[in-house]
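Right, I'll just put the structure down here and ask away after.
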Amino acid sequence: MQDEEISPTQAAIVLELQNVSKVFPGVIANDHVNFTLRQGEIHTILGENGAGKSTLMNVIAGLYPPDGGDIFIDKKKVRFTNPRQAILHGIGMVHQHFMLVRNHTVTENIILGTPQPPVLDLKRVNQVIQELGDKYGLTVSPDKKIQELSVGEQQRVEILKVLYRGAKILILDEPTAVLTPQESEALYKIIENMVAEEHSIIFISHKMKEVISLSDRITVLSRGKVLATLDKEKTNAKELAKIMMGDEAVRAMPVSASSHSKAMEVVVRMEKICADDDRGHQALKDIDLEIRSGQIVGLAGVSGNGQAQLAEVLSGIRAITAGNYYYCGESLQHPTVNDMIIRGLGYIPEDRKKFGIAGHLSIANNFLLRDHKNPDFYNQQFLSAHKVNEYGRVKMEEFDIRAASEKMQVGLLSGGNIQKTILARESSRPLKFLLASQPIRGLDVNATAFIQQTILKAKSEGLAVLLITEDLDELFLMSDHIYVICRGEIVGHMPKKEASTERIGLMMTGMKT
Amino acid sequence: MIYLTLEKRLNFSTWTRIGISIAAVGIALIIGGIFLFAVGVNPLTAYGMVWNQVFMDYWGWQDLMVKMIPFLLTGIAVAVAAQMKIWNIGAEGQLYLGAVAATWTALQWGDALSGWVMIPVMILAAMFSGAMWAAVPGFLRAQFGVNEIITTLLLNYVAISWVDYLLYGPWRDPGSNNFPVTREFSESAQLPLFGDSSVHLGLILGLVAILIVYFILEKTKIGYQIRVAGDNLFAAQYSGFNIKWLTLAIVMVSGALAGIAGMGEVAGIHFRLKQNFSINYGYTGIIVAWLARNHPLAVIVTAFFMASVFVGGELMQLEFRLPIAMVYLFEGIILFSVLGSEIFAEYKLKFKKVGN
């Protein structure tokens, strides 16, 4: 080699998995997985939910001992039986769900579980954290409590945590799933900084765009097996999608239905709506919003800017403190949840596991949740298990909900199947208005396509749709008209053709344009 | 190296659960046997005697049935509240209130009314007062989120003290030689017995109450709402259920059921109100419900089981001159081992060989 610079493809292998397998009762989560990570490389693992990505990462991070195969770090064979050993070998994992103590400070969280002198020298620790932060662009003030931080900042604390422990190999498990576009950009920058400092990154994602732009190599995992490991230069999004799911997926990509051409009547109109949050602080300020039938209105905004409260007001869960809510021309004073259900509202809640289902009840029983007054489920006055289960079977078939039986506990299903269950319920009563909050968050490509198609179909059938999302790709793909919310106020709205990522991104931070 | 690991069960059938519960009871008997041995009683002799004199004997069965009545009612009372994850520790106090109300109606109208009127009146009065006693913590929980475990528990002491006051004061029978008891109920206010046994109408009331609770939970709108709210309050809110109302209602139903138990004791066994007429029946109801994992129909089985522990324990008390503490000890060991066995319902033990 004449070239002095070592490119990642030639750099030393820091981590190697040989035929690693992990078996859970009834499932082979990882089946003879081979994987290598070079120094300074970003190696993405791509795969649907349930492909075995998280299991594999947990094996590498020492949370699960593998049932077969070997792991080598810097060419030396290792065998971890607990996470501490993995940390000692320089492996750090940033979990998708943050593992932080909310009412402790950043520093306290970072030093948790690390060896410290009996009398803490927080000043010195703060300094170390500050230095690490400056080096990688992970700016966060060490004295703040976690609960005062935004999601993006919390994630930085998680990354600092593993860097503080001396990690050379970082595993980032779907790090951008919870971030705004701007926060994601900042994270990409941080990742690049870390790579420049010779850290190696295992990146897990199913956002094709970032996978392509960020990775050096991409390994596609499906049903626990490695299907392919490809260099970024030699592949593209379409090929990856095809490998990941076979031909079916490419067909299943949603096509934006053309706008409904019929004269569209206003279904939902909000005039200067105000509402408070749970603690009594004003969460919504003078919201003006209009949704017509056959139209998808996208509501963009950084999470926590009043979207949740707006959805609750629209669905009758939260009381209005001022303003007018018109529904099909009728002014609603204090609508209850049942009023809205009767008036034809379907509501897909943002936190699907927390609000959308009763996890320990069966799938069939969950179809009754917001329709338990529907006489179709009753014989005379009494619930008919037969009718409920029959209905469950029909809906599972219709919405491609994959489960052994309609009597299975819904909480045991994957995120995609839970969302399909909710969608099946919320779109099966006679509807005028579909309110979908973050409908595809955390879902795999197949489930996403199915959910989006169902929403587009609802629109073409003349429903008014409000789509609350942080995912700009989804926003542009689905919406006819876009509103942007920031700090409880609508900062602007425009037809999709006048919108651009930059414009929406700026408005999400509160700048009116 | 061989490791012993816990592995998550994929499908835990009802039968596995029942099997595990039975095994847990078996282990409790073994541990209890060690204690018996420690106080100088041969456990095999003791268990054998209990088997012969309780389960193989007419009088034994009669005792079992009589003891089972309060357990059926307090057990279902606790289990019904637990459907919404509300822990009613106050069944004891509600039972006392039920007894007070039944006694009041009996003393007031017992001489004037016939049994056909008197007994329904007593049942309704007991249900009403048990429900109202429970309504206090129920309301506080529904409206202000006050922890019902504390409030229901504390109200027990109030109820027991109140009964003491009545017995030492206004309700004391002048002809009782100053014993703190009321006068005997007139015959119309005494629950009918089965044949010449001492098993009273409470047995039917308990079984019917359990069947009704089961039916309501499984087959009605409100039952469905309770099941959802018990599993996930947020989902209940999202579905527009009136959670405050459901909370208050279920706590009051729980109180009413415990109230019937109190009525059964005074009107079916003692025929008067007296001190200590409840041997912790309300608290034992918590164990009965827990053992049944709050399943209404399983309460029948576990109530029978706890009755066996009580009757068997009483017998051992008499036969071997053991203290009543021995019965409580058995109760404690059983609860401990059954709750401890919970983990095996979800996980199974597995030996794993790990090595090169």
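The values are calculated or read from the model by the stated rules, or taken from the named source; none is laboratory data. Bear in mind the structure is a predicted one, so any value in this text is a computation, not a measurement. No Cβ is skipped: glycine too gets one built from the backbone with ideal geometry, and neighbour counts run over all protein chains shown. Side chains are part of the model used for accessible areas, which takes the heavy atoms of the whole protein and leaves out ligands, DNA and RNA. Shrake-Rupley method; radii C 1.70, N 1.55, O 1.52, S 1.80 Å.
How big is Rg to Rh over the range A:449-513, alpha-carbon atoms, Rh as the Kirkwood inverse-mean-distance radius?
Rg/Rh for the range A:449-513 comes to 0.99.
What percentage of the solvent-accessible surface of chain B, computed with a 1.4 Å probe over protein heavy atoms, is contributed by carbon and sulfur atoms?
68
Towards the positive end of the charge dipole of the range B:72-291, with charges on Cβ (+1 Lys, Arg; -1 Asp, Glu), say which of B:I279, B:Y96, B:M252 has the farthest Cα.
Of the candidates, B:M252 comes out farthest on the positive side.
So for B:K219, A:K242, what's the accessible-area order with a 1.4 Å probe, most first?
A:K242, B:K219
Suppose the Debye formula is applied to equal point scatterers at every Cα of the range A:13-251; what is log10 I(q)/I(0) at q = 0.08, 0.12, 0.17 Å⁻¹?
Debye output, listed in q order: -0.30, -0.68, -1.29.
While we're here: So if I place +1 on the C-beta of Lys and Arg and -1 on the C-beta of Asp and Glu, and nothing else carries charge, what would the dipole magnitude of the protein assembly as shown be about its Cα centre? I want it in debye, nearest 20.
660
What size of dipole, in debye to the nearest 20, comes out for the range A:418-513 about its Cα centre when the only charges are +1 on Lys and Arg C-beta atoms and -1 on Asp and Glu C-beta atoms?
320
Estimate the FRET efficiency between A:F72 and A:Q147 by the formula 1/(1 + (r/R0)^6), using the beta-carbon distance for r and 41 Å for R0, to the nearest 0.05.
Details: r = 41 Å, r/R0 = 0.99.
The pair A:F72/A:Q147 has a calculated efficiency of 0.50.
Which value in Å does the Kirkwood hydrodynamic radius of the range A:1-152 take, with 1/r averaged over all unlike C-alpha pairs and then inverted?
18.2
Roughly how many Å² of B:D164 are accessible to a 1.4 Å probe, to the nearest 10?
50
When all protein chains stay in place, what accessible area (Å², nearest 10, 1.4 Å probe) is found for B:L329?
Surface open to solvent at B:L329 totals about 60 Å².
Now for a separate question. Restricted to Cα positions, what overall size does the range A:313-359 have along the principal axes? Three whole-Å values, descending.
36, 22, 14
For the range A:357-429, just the Cα atoms, rotate onto the principal axes and tell me the three extents in Å, largest first.
35, 21, 20 Å, listed from the longest principal axis down.
Turning to a different aspect of this structure: Is any residue of the range B:295-334 close enough, with backbone N under 19 Å, to a label point placed 7 angstrom from the Cα of B:I34 along the Cα-Cβ axis, and if so, which?
Only B:326-334 pass the distance filter.
If you don't mind, there's one more thing I want to ask. Would you mind checking the tilt of helix A:151-164 against the longest principal axis of the Cα atoms of chain A, expressed as 0 to 90 degrees and rounded to 10?
Taking the Cα atoms of chain A, the angle to A:151-164 is about 20 degrees.
About its Cα centre, what dipole magnitude does the range A:357-429 give when the only charges are +1 on Lys and Arg Cβ and -1 on Asp and Glu Cβ, stated in debye to the nearest 20?
140
Could I ask something else about it? Just the Cα atoms of the range B:240-356: what Rg and Dmax do they give in Å?
Rg then Dmax for the range B:240-356, in Å: 19.6, 75.
When only alpha-carbon atoms count, how far does chain A stretch along each of its three principal axes, as whole angstroms with the largest first?
Ordered largest first, chain A gives principal extents of 73, 49, 49 Å.
Using Cα-Cα distances under 8 Å and only pairs 6 or more residues apart, what relative contact order does the range B:240-310 have, in percent?
Relative contact order for the range B:240-310 comes out at 16 percent.
Taking all protein chains together and a probe of 1.4 Å, list B:Y165, B:Y238, A:Y164 from the most accessible to the least accessible.
Sorted by accessible area, descending: B:Y165, A:Y164, B:Y238.
Over every pair of different alpha-carbon atoms in the range B:49-96, take the mean of 1/r and invert it; report that Kirkwood radius in Å.
So the Kirkwood estimate lands at 12.4 Å.
Hey, another quick one. Compute the long axis of helix A:415-426 from its Cα atoms, compare it with the longest principal axis of the Cα atoms of chain A, and write down the angle in degrees, 0 to 90, nearest 10.
Helix A:415-426 sits at roughly 0 degrees to that axis.
Turning to a different aspect of this structure: What nm distance separates the two modelled labels at A:D376 and A:R487, each placed 7 Å from Cα along Cα→Cβ?
Spacing of the two 7 Å Cα→Cβ label points: 4.7 nm.
Could you please report the charge total around A:G416, scoring K, R as +1 and D, E as -1 over all other residues with beta-carbon less than 12 angstrom from its beta-carbon?
Net charge in that neighbourhood comes out at +1.
Next up: Rg over Rh of the protein assembly as shown, using C-alpha atoms and the Kirkwood radius, what does it come to?
1.04
Remind me, what semi-axes does the range A:382-500 give for its equivalent ellipsoid, largest first in whole Å, using sqrt of 5 times each Cα gyration tensor eigenvalue?
Semi-axes from the Cα gyration tensor: 31, 15, 13 Å.
Put simply, what bits of the range A:347-382 lose 50 Å² or more of accessible area when the other protein chains are there, versus the chain on its own (1.4 Å probe)?
Correct list: A:K354, A:F355, A:L361, A:L369, A:H372, A:F382.
Next up: Find the Cα radius of gyration of the range B:1-114, compare it with 2.2 N^0.38 Å by division, and give the number to two decimals.
Against the empirical 2.2 N^0.38 Å value, I get 1.64 for the range B:1-114.
I would also like to ask the following. So, in nm, how far is label B:L193 from label A:A11 when the simple model puts each one 7 Å beyond its Cα toward the Cβ?
Label-label distance for B:L193 and A:A11, simple model: 9.0 nm.
Follow-up question, since we're still on this one. Which entries of A:K285/A:K354; A:K354/A:K420; A:K207/A:K353 show an alpha-carbon separation above 24 angstrom in the structure shown?
A:K285/A:K354
Here is a follow-up. If I histogram all Cα-Cα distances within the range A:115-171 using bins 5 Å wide from 0, what percent of pairs lands in each bin?
Spelled out per bin, shortest first, that is 4, 18, 28, 26, 17, 7, 1.
Estimate the FRET efficiency between B:K85 and B:A325 by the formula 1/(1 + (r/R0)^6), using the beta-carbon distance for r and 22 Å for R0, to the nearest 0.05. Walk me through the numbers before you get to the answer.
Details: r = 32 Å, r/R0 = 1.46.
After rounding, the FRET efficiency stands at 0.10.
Continuing with the same structure: Compute, for A:D351, the solvent-accessible surface of its heavy atoms (probe 1.4 Å) with the complete set of protein chains present, and express it in square angstrom to the nearest 10.
Its heavy atoms expose roughly 70 Å² to the probe.
May I pose another question? Can you list the DSSP H helices in chain B whose Cα atoms extend at least 24 Å along the helix axis and whose mean Kyte-Doolittle hydropathy is 1.0 or higher?
Passing helices, by number: B:14-38, B:58-82, B:115-144, B:148-168, B:202-219, B:243-265, B:296-320, B:325-346.
Over the range A:13-251, what is the percentage of antiparallel beta bridges among all DSSP beta bridges, to the nearest 5?
Details: 23 of 41 bridges.
Percent antiparallel among DSSP bridges in the range A:13-251 is about 55.
What's the tally of Lys pairs in chain B whose alpha-carbon atoms lie under 28 angstrom apart, where the two lysines are 8 or more places apart or on different chains?
Final tally of qualifying lysine pairs is 13.
So, in nm, how far is label B:F179 from label A:H104 when the simple model puts each one 7 Å beyond its Cα toward the Cβ?
6.3
Kindly provide the Kirkwood hydrodynamic radius of chain B in Å, to one decimal, from all pairs of distinct alpha carbon atoms.
Kirkwood hydrodynamic radius for chain B: 21.7 Å.
Tell me the total accessible area that B and A bury against each other, 1.4 angstrom probe, in square angstrom rounded to 100.
That pair of chains buries around 2300 Å² in total.
Separation of the range B:130-205 and the range A:271-311 by C-alpha centroid, Å?
The range B:130-205 and the range A:271-311 have Cα centres spaced 53 Å from each other.
Along the charge dipole of chain A, Cβ charges K/R +1 and D/E -1, which of A:L179, A:I60, A:V125 sits furthest on the positive end?
Going by the Cα projections, it comes out as A:I60.
Looking at A:I110, A:S205, A:G224, which one has the Cα that reaches farthest to the positive end of the dipole of the range A:13-251 (charges on Cβ: Lys, Arg +1; Asp, Glu -1)?
Looking along the dipole axis, the top candidate is A:G224.
Right, next: Hey, quick one: spin label on A:A237, modelled 7 Å out along Cα-Cβ, who in the range A:417-446 has an amide N within reach, i.e. under 15 Å?
Residues A:445-446 qualify, since their backbone N sits under 15 Å from the label point.
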